[in-house]
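Below is one structure, written out as C-alpha coordinates, with a few remarks after it.
The values are calculated or read from the model by the stated rules, or taken from the named source; none is laboratory data. Fair warning: this is a prediction, and the values are worked out from it, not measured in the lab. Note that we place each Cβ from the backbone using ideal geometry, even for glycine, and neighbour counts take in every protein chain shown. We work out accessible area using only protein heavy atoms, side chains counted, and drop any ligands, DNA or RNA first. Shrake-Rupley method; radii C 1.70, N 1.55, O 1.52, S 1.80 Å.
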Amino acid sequence: MTNTPWRSTVLTLFPEMFPGPLGVSLAGKALSAGLWTLEARDIRDSATDRHRSVDDTPAGGGPGMVLRADILAAAIDAADAVPSATEDRARLLMSPRGRPLTQARIAELAGGPGPLIICGRFEGVDERVIGARRLEEVSIGDYVLSGGELAAMVLIDACVRLLPGVMGKQESGADESFSDGLLEYPQYTRPQSFEGQPIPEILLSGDHAKVAAWRRAEAEALTRSRRPDLWAARPNQAPIPKFRQNRPKDTTDG
Ligand code: SAH
(Lines give C-alpha, C1' and ligand atoms only; values in the text may rest on other atoms or scores of the structure.)
Protein backbone atom coordinates (compact mmCIF):
# COMPACT_ATOMS: atom_id res chain seq x y z
CA MET A 1 0.00 0.00 0.00
CA THR A 2 1.23 3.49 -0.82
CA ASN A 3 0.95 6.51 1.48
CA THR A 4 -0.73 8.63 -1.17
CA PRO A 5 -4.48 8.44 -0.85
CA TRP A 6 -6.65 7.74 -3.89
CA ARG A 7 -7.07 11.10 -5.49
CA SER A 8 -10.03 12.29 -7.58
CA THR A 9 -10.04 15.56 -9.49
CA VAL A 10 -13.24 16.84 -11.08
CA LEU A 11 -13.43 19.58 -13.71
CA THR A 12 -16.84 21.19 -13.59
CA LEU A 13 -18.74 24.43 -14.07
CA PHE A 14 -20.42 23.76 -10.71
CA PRO A 15 -17.72 22.96 -8.16
CA GLU A 16 -20.19 23.85 -5.40
CA MET A 17 -21.99 20.56 -6.15
CA PHE A 18 -19.05 18.69 -4.54
CA PRO A 19 -18.60 16.80 -2.31
CA GLY A 20 -22.43 16.81 -2.04
CA PRO A 21 -23.60 13.26 -1.44
CA LEU A 22 -19.98 12.08 -1.38
CA GLY A 23 -19.58 13.97 1.90
CA VAL A 24 -21.91 11.69 3.88
CA SER A 25 -22.01 8.06 5.03
CA LEU A 26 -19.35 5.61 3.86
CA ALA A 27 -17.66 7.89 1.30
CA GLY A 28 -17.90 10.95 3.56
CA LYS A 29 -16.35 9.23 6.55
CA ALA A 30 -13.53 7.92 4.37
CA LEU A 31 -13.04 11.42 2.94
CA SER A 32 -12.77 12.91 6.44
CA ALA A 33 -10.40 10.11 7.43
CA GLY A 34 -8.12 10.97 4.51
CA LEU A 35 -8.56 7.63 2.73
CA TRP A 36 -9.26 9.52 -0.49
CA THR A 37 -9.25 13.12 -1.67
CA LEU A 38 -11.53 15.16 -3.89
CA GLU A 39 -10.62 18.32 -5.73
CA ALA A 40 -13.38 20.08 -7.67
CA ARG A 41 -11.91 22.60 -10.09
CA ASP A 42 -13.92 25.28 -11.83
CA ILE A 43 -13.56 25.09 -15.62
CA ARG A 44 -14.50 28.77 -15.70
CA ASP A 45 -11.17 29.63 -14.03
CA SER A 46 -9.58 28.81 -17.39
CA ALA A 47 -11.74 31.29 -19.32
CA THR A 48 -9.80 34.14 -20.85
CA ASP A 49 -12.35 36.85 -21.59
CA ARG A 50 -13.97 39.46 -19.40
CA HIS A 51 -17.25 37.53 -19.20
CA ARG A 52 -15.46 34.29 -18.27
CA SER A 53 -17.32 32.50 -21.06
CA VAL A 54 -16.65 28.81 -21.57
CA ASP A 55 -19.09 27.85 -24.32
CA ASP A 56 -20.25 28.92 -27.74
CA THR A 57 -22.87 28.04 -30.33
CA PRO A 58 -22.44 24.76 -32.26
CA ALA A 59 -20.63 25.02 -35.58
CA GLY A 60 -23.10 24.06 -38.30
CA GLY A 61 -26.03 25.33 -36.28
CA GLY A 62 -28.51 23.63 -33.99
CA PRO A 63 -29.73 24.20 -30.46
CA GLY A 64 -27.73 24.80 -27.29
CA MET A 65 -24.12 25.56 -26.54
CA VAL A 66 -20.88 23.59 -26.71
CA LEU A 67 -17.95 23.74 -24.26
CA ARG A 68 -14.97 25.25 -26.05
CA ALA A 69 -11.97 23.01 -26.78
CA ASP A 70 -9.37 25.63 -25.88
CA ILE A 71 -10.93 26.46 -22.50
CA LEU A 72 -11.37 22.81 -21.55
CA ALA A 73 -7.84 21.91 -22.69
CA ALA A 74 -6.47 24.77 -20.55
CA ALA A 75 -8.48 23.49 -17.56
CA ILE A 76 -7.12 19.96 -18.06
CA ASP A 77 -3.55 21.22 -18.42
CA ALA A 78 -3.90 23.31 -15.26
CA ALA A 79 -5.14 20.24 -13.35
CA ASP A 80 -2.21 18.22 -14.72
CA ALA A 81 0.24 20.90 -13.61
CA VAL A 82 -0.64 20.41 -9.93
CA PRO A 83 2.50 18.90 -8.31
CA SER A 84 0.63 15.89 -6.89
CA ALA A 85 -0.89 15.01 -10.29
CA THR A 86 0.31 11.64 -11.56
CA GLU A 87 1.09 10.94 -15.19
CA ASP A 88 -0.72 7.62 -15.33
CA ARG A 89 -4.09 8.73 -14.03
CA ALA A 90 -7.15 8.02 -16.18
CA ARG A 91 -8.70 11.05 -17.86
CA LEU A 92 -12.41 10.49 -18.07
CA LEU A 93 -15.06 12.49 -19.87
CA MET A 94 -18.54 11.75 -18.61
CA SER A 95 -20.66 11.33 -21.74
CA PRO A 96 -23.77 9.41 -22.83
CA ARG A 97 -21.75 8.37 -25.91
CA GLY A 98 -19.10 6.71 -23.77
CA ARG A 99 -18.41 3.09 -22.96
CA PRO A 100 -20.93 1.95 -20.36
CA LEU A 101 -19.39 1.86 -16.91
CA THR A 102 -18.94 -1.60 -15.38
CA GLN A 103 -17.89 -2.92 -12.00
CA ALA A 104 -14.73 -4.25 -13.66
CA ARG A 105 -13.72 -0.75 -14.85
CA ILE A 106 -14.61 0.66 -11.42
CA ALA A 107 -12.31 -1.88 -9.76
CA GLU A 108 -9.48 -0.88 -12.14
CA LEU A 109 -10.00 2.81 -11.42
CA ALA A 110 -10.15 2.15 -7.67
CA GLY A 111 -6.83 0.30 -7.97
CA GLY A 112 -5.11 3.23 -9.71
CA PRO A 113 -3.99 6.65 -8.48
CA GLY A 114 -7.49 8.12 -8.96
CA PRO A 115 -8.95 9.73 -12.10
CA LEU A 116 -9.33 13.18 -13.55
CA ILE A 117 -13.01 13.49 -14.42
CA ILE A 118 -14.46 16.06 -16.80
CA CYS A 119 -18.12 16.97 -16.48
CA GLY A 120 -19.85 18.21 -19.62
CA ARG A 121 -22.78 20.61 -19.65
CA PHE A 122 -25.06 22.01 -22.35
CA GLU A 123 -24.77 20.02 -25.59
CA GLY A 124 -21.42 18.58 -24.60
CA VAL A 125 -17.83 19.41 -25.47
CA ASP A 126 -15.96 20.30 -28.67
CA GLU A 127 -14.91 16.99 -30.24
CA ARG A 128 -11.31 18.10 -30.81
CA VAL A 129 -10.40 18.24 -27.12
CA ILE A 130 -11.37 14.57 -26.68
CA GLY A 131 -8.61 13.43 -29.03
CA ALA A 132 -6.13 16.16 -28.16
CA ARG A 133 -6.17 15.28 -24.44
CA ARG A 134 -6.90 11.57 -24.98
CA LEU A 135 -10.09 11.53 -22.95
CA GLU A 136 -11.86 8.24 -22.25
CA GLU A 137 -15.60 8.76 -22.67
CA VAL A 138 -17.59 7.03 -19.95
CA SER A 139 -21.36 6.63 -19.76
CA ILE A 140 -23.36 5.69 -16.68
CA GLY A 141 -26.34 4.49 -18.71
CA ASP A 142 -28.52 4.97 -21.76
CA TYR A 143 -30.26 8.15 -20.68
CA VAL A 144 -29.27 11.82 -20.82
CA LEU A 145 -28.43 13.89 -17.74
CA SER A 146 -28.22 17.66 -17.77
CA GLY A 147 -24.57 17.56 -16.72
CA GLY A 148 -21.72 15.21 -15.94
CA GLU A 149 -21.53 16.00 -12.21
CA LEU A 150 -24.00 13.38 -11.01
CA ALA A 151 -22.36 10.84 -13.32
CA ALA A 152 -18.95 11.71 -11.86
CA MET A 153 -20.34 11.26 -8.35
CA VAL A 154 -21.72 7.85 -9.30
CA LEU A 155 -18.32 6.79 -10.58
CA ILE A 156 -16.42 8.17 -7.57
CA ASP A 157 -18.84 6.61 -5.08
CA ALA A 158 -18.50 3.19 -6.72
CA CYS A 159 -14.67 3.46 -6.60
CA VAL A 160 -14.40 4.81 -3.06
CA ARG A 161 -16.30 1.94 -1.47
CA LEU A 162 -13.69 -0.44 -2.90
CA LEU A 163 -10.71 1.42 -1.42
CA PRO A 164 -8.87 -0.40 1.38
CA GLY A 165 -10.32 0.45 4.77
CA VAL A 166 -13.52 2.06 3.48
CA MET A 167 -15.96 -0.82 3.83
CA GLY A 168 -16.35 -2.43 7.23
CA LYS A 169 -15.65 -5.96 6.15
CA GLN A 170 -13.26 -6.55 3.26
CA GLU A 171 -15.38 -9.44 2.03
CA SER A 172 -18.51 -7.35 1.57
CA GLY A 173 -17.02 -6.20 -1.74
CA ALA A 174 -16.21 -9.66 -3.04
CA ASP A 175 -19.66 -11.18 -2.66
CA GLU A 176 -21.95 -8.64 -4.23
CA SER A 177 -23.61 -7.99 -7.57
CA PHE A 178 -21.31 -8.15 -10.65
CA SER A 179 -18.25 -9.27 -8.67
CA ASP A 180 -18.58 -12.75 -10.13
CA GLY A 181 -20.62 -11.84 -13.20
CA LEU A 182 -23.75 -12.56 -11.16
CA LEU A 183 -26.39 -10.47 -9.46
CA GLU A 184 -26.47 -10.82 -5.70
CA TYR A 185 -28.61 -13.42 -3.93
CA PRO A 186 -31.61 -12.22 -1.87
CA GLN A 187 -30.88 -10.90 1.61
CA TYR A 188 -33.01 -11.25 4.74
CA THR A 189 -32.88 -10.02 8.32
CA ARG A 190 -35.25 -9.77 11.27
CA PRO A 191 -38.13 -10.12 11.89
CA GLN A 192 -38.27 -13.87 11.26
CA SER A 193 -41.77 -13.48 9.88
CA PHE A 194 -42.76 -10.40 7.86
CA GLU A 195 -46.46 -10.12 6.91
CA GLY A 196 -46.69 -13.90 6.94
CA GLN A 197 -43.49 -14.45 4.94
CA PRO A 198 -40.81 -16.40 6.78
CA ILE A 199 -37.08 -16.15 6.15
CA PRO A 200 -36.05 -19.15 3.98
CA GLU A 201 -35.39 -21.95 6.47
CA ILE A 202 -32.01 -22.88 5.06
CA LEU A 203 -30.61 -19.48 6.11
CA LEU A 204 -31.44 -20.26 9.74
CA SER A 205 -29.97 -23.79 9.59
CA GLY A 206 -26.44 -22.79 10.57
CA ASP A 207 -25.12 -25.07 7.80
CA HIS A 208 -22.64 -22.76 6.02
CA ALA A 209 -22.08 -25.03 3.03
CA LYS A 210 -25.80 -25.36 2.42
CA VAL A 211 -26.31 -21.62 2.80
CA ALA A 212 -23.51 -20.93 0.30
CA ALA A 213 -24.98 -23.41 -2.20
CA TRP A 214 -28.46 -21.89 -1.81
CA ARG A 215 -27.13 -18.37 -2.33
CA ARG A 216 -25.18 -19.43 -5.39
CA ALA A 217 -28.25 -21.09 -6.92
CA GLU A 218 -30.41 -18.03 -6.18
CA ALA A 219 -27.82 -15.68 -7.67
CA GLU A 220 -27.62 -17.78 -10.81
CA ALA A 221 -31.39 -18.02 -11.18
CA LEU A 222 -31.80 -14.25 -10.71
CA THR A 223 -29.07 -13.45 -13.21
CA ARG A 224 -30.47 -15.85 -15.82
CA SER A 225 -33.96 -14.42 -15.61
CA ARG A 226 -33.23 -10.72 -15.10
CA ARG A 227 -29.98 -10.22 -16.96
CA PRO A 228 -29.54 -12.75 -19.75
CA ASP A 229 -26.84 -10.44 -21.16
CA LEU A 230 -24.73 -10.81 -17.99
CA TRP A 231 -25.40 -14.52 -17.83
CA ALA A 232 -24.28 -15.08 -21.42
CA ALA A 233 -21.15 -12.98 -20.92
CA ARG A 234 -19.88 -14.99 -17.95
CA PRO A 235 -16.60 -16.81 -18.57
CA ASN A 236 -16.61 -20.64 -18.67
CA GLN A 237 -20.32 -20.61 -19.16
CA ALA A 238 -22.01 -23.24 -21.27
CA PRO A 239 -23.51 -21.42 -24.24
CA ILE A 240 -27.19 -20.60 -24.06
CA PRO A 241 -28.33 -20.91 -27.69
CA LYS A 242 -31.52 -18.91 -27.10
CA PHE A 243 -29.51 -15.73 -26.38
CA ARG A 244 -26.57 -16.40 -28.66
CA GLN A 245 -28.91 -16.32 -31.67
CA ASN A 246 -30.00 -12.75 -31.02
CA ARG A 247 -26.72 -11.50 -29.69
CA PRO A 248 -23.87 -11.92 -32.16
CA LYS A 249 -20.48 -11.26 -30.61
CA ASP A 250 -19.67 -7.56 -30.70
CA THR A 251 -16.80 -7.26 -33.16
CA THR A 252 -16.70 -3.46 -33.18
CA ASP A 253 -15.22 -3.54 -29.68
CA GLY A 254 -11.51 -3.12 -29.04
N1 SAH B 1 -25.95 16.41 -26.45
C2 SAH B 1 -25.30 15.35 -25.75
C3 SAH B 1 -25.80 15.27 -24.32
C4 SAH B 1 -25.31 16.36 -23.46
S5 SAH B 1 -25.85 16.18 -21.80
C6 SAH B 1 -25.59 14.04 -26.45
O7 SAH B 1 -26.66 13.90 -27.03
O8 SAH B 1 -24.77 13.12 -26.39
C9 SAH B 1 -24.72 17.22 -20.94
C10 SAH B 1 -23.58 16.51 -20.23
O11 SAH B 1 -24.12 15.65 -19.26
C12 SAH B 1 -22.70 15.65 -21.09
O13 SAH B 1 -21.69 16.40 -21.72
C14 SAH B 1 -22.13 14.67 -20.09
O15 SAH B 1 -21.00 15.20 -19.42
C16 SAH B 1 -23.26 14.53 -19.08
N17 SAH B 1 -24.06 13.31 -19.28
C18 SAH B 1 -25.32 13.24 -19.74
N19 SAH B 1 -25.76 11.97 -19.79
C20 SAH B 1 -24.76 11.20 -19.33
C21 SAH B 1 -24.60 9.78 -19.15
N22 SAH B 1 -25.58 8.93 -19.46
N23 SAH B 1 -23.42 9.33 -18.67
C24 SAH B 1 -22.42 10.18 -18.38
N25 SAH B 1 -22.51 11.53 -18.53
C26 SAH B 1 -23.66 12.04 -19.00
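E184 versus A233, label points 7 Å from Cα toward the beta carbon: distance in nm?
1.9 nm
Can you give me the angle between helix 69-80 and the longest principal axis of the chain, using Cα atoms only, in degrees from 0 to 90, rounded to the nearest 10?
Taking Cα atoms only, the helix is inclined about 70 degrees.
Between 0 and 90 degrees, rounded to the nearest ten: what's the tilt of helix 149-160 against the longest Cα principal axis of the chain?
50 degrees
For the ranges 111-120, 7-16, what's the packing order if you count other beta-carbon atoms within 10 Å of each residue, average per peptide, and put the highest first? Kindly include the intermediate steps, with their values, before the conclusion.
Values: 111-120: 22.4, 7-16: 20.8.
Top to bottom by mean Cβ count within 10 Å: 111-120, 7-16.
In the chain, carbon and sulfur make up what percent of the accessible area (probe 1.4 Å)?
Roughly 52 percent of what the probe reaches on the chain is carbon or sulfur.
By per-residue mean of other Cβ atoms within 10 Å, what is the highest-first order of 133-145, 53-65? Intermediate results must be reported in sequence, preceding the final value.
Working: 133-145: 14.7, 53-65: 12.3.
Order by mean packing, descending: 133-145, 53-65.
Hey, can you rank 152-165, 87-100 by average C-beta count inside 10 Å, highest first?
Final packing ranking: 152-165, 87-100.
Taking the convex hull of the alpha carbon atoms in the chain, what volume per residue do you get, in Å³?
205 Å³
Using only the Cα atoms, what convex hull volume per residue in Å³ does the stretch 102-157 have?
Once divided by residue count, the hull of the stretch 102-157 is 91 Å³.
Could you tell me how many degrees, from 0 to 90 and to the nearest 10, lie between the Cα long axis of helix 208-226 and the main elongation axis, the longest principal axis, of the Cα atoms of the chain?
For helix 208-226, the angle is close to 60 degrees.
How big is the stretch 145-207 by Rg and Dmax over its Cα atoms, in Å?
Values for the stretch 145-207 (Cα only, Rg and Dmax): 17.0, 50 Å.
Taking a ≥ b ≥ c as the square roots of the eigenvalues of the Cα gyration tensor of the stretch 44-157, is the shape rounded (a/c under 1.5), prolate (a/b larger than b/c) or oblate? Walk me through the intermediate numbers first.
Numbers: a/c = 2.15, a/b = 1.27, b/c = 1.69.
Verdict is oblate for the stretch 44-157.
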